[in-house]
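Below is one structure, written out as structure tokens, with a few remarks after it.
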Amino acid sequence: MNEELIRLIGLTKHYKVGNEIVRALQSVNLDIFKNEYVALMGASGSGKSTLMNILGCLDTPTSGEYYLKDRDVSKLDDNTLADIRNKEIGFVFQTFNLLPRLNALDNVILPLIYGGVGKQKRTRMALEAIEQVGLTDRMKHKPNELSGGQKQRVAIARALVNKPSIILADEPTGNLDSKTSIEIMGVFDQIYKAGNTIIIVTHEEDIAHYARRIVRLIDGNVDSDTINERQTTYKKVSLS
């Protein structure tokens, strides 16, 4: 049986907006295992972004438990959560979040500097990650010299560089055209096949169907959790 990576038990998240209580998540129970490829789906207001923030240790639940690798992280302080984020979670965002003054390689190196990795080792690790996403020939280019798809490959390499337990991607194709979106989902597929655990947060059906499992949220609840029988297949994407 696969190793359990994430367990959510009765997870709730409530916000106070003025005099109103917003119940963003309501008693969510969810297990995710090592080397799964999961899409979290839902319309605006479904709770998927709130759930992503909690899974990424960017926010804490109002109640319930969140176990990451058998450790309850739901009540940890901000400094401890920051350390877990750096070591265990690789983030990929819709807007890439690259530093414009740094070239691609230096953007990928950045998390390793924060993690205290030595210069030689971090350069070697960053070069490996850049190669994994097929961008070695562009690693000295700055973000404004890269296409949208190339920027997202840099962001994926940055997420991979620490060898995290989870790659957490928030609408990773939201700023890309359809052809480039297919290429980027091909990159994710190859990363998954290399043994990584990937969680994609999306509202797009066609993107969700690249995943092996689809969890749908409605009004803060898990509405369905199914193996994706209609998984999108495509020819192997060249990363050169």
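The values are calculated or read from the model by the stated rules, or taken from the named source; none is laboratory data. Since we're looking at a predicted model, the values are computed, not measured. Note that we place each Cβ from the backbone using ideal geometry, even for glycine, and neighbour counts take in every protein chain shown.
The listed residues are LEU135, LEU168, and the only one of them that is hydrophobic (A, V, I, L, M, F, W, C), over 19 Å from the mean Cα position of the chain (by Cα) and more than 15 Å from LEU102 (Cα to Cα) turns out to be LEU135. Residues of the stretch 45-67 that are surrounded by 21 or more Cβ atoms within 10 Å (Cβ to Cβ) and within 15 Å of the chain's Cα centre (by Cα): LYS48, THR50, LEU51, ILE54, LEU55, CYS57.
Across the stretch 80-129, the number of residues qualifying as within 27 Å of ASN35 (Cβ to Cβ) and touching a residue at least 60 places away in the same chain (Cβ under 8 Å) comes to 10.
Limited to the stretch 160-183, what total is found for residues that are of a type in the set (Gly, Ala, Ser) and touching a Phe, Trp or Tyr at 6+ places or on another chain (Cβ under 6 Å)?
0
Any chance you could count how many residues in the stretch 13-45 are free of Cβ contacts under 8 Å to residues at least 24 places away in the same chain and in contact with a His (Cβ under 9 Å, 6 or more places away or on another chain)? Residues in the stretch 13-45 being free of Cβ contacts under 8 Å to residues at least 24 places away in the same chain and in contact with a His (Cβ under 9 Å, 6 or more places away or on another chain): 2 in total. On the stretch given as the stretch 68-86, residues that are in contact with a Pro (Cβ under 7 Å, 6 or more places away or on another chain) and surrounded by fewer than 18 Cβ atoms within 10 Å (Cβ to Cβ) total 1. Residues in the stretch 195-240 that are of a type outside the set (Val, Ile, Thr) and at pLDDT below 85: GLU229, ARG230, GLN231, TYR234, LYS235, LYS236, SER238, LEU239, SER240. Among the residues making up the stretch 1-60, those that are of a type in the set (Lys, Arg) and assigned to a strand (DSSP E or B) are ARG7, LYS13, LYS16, ARG23.
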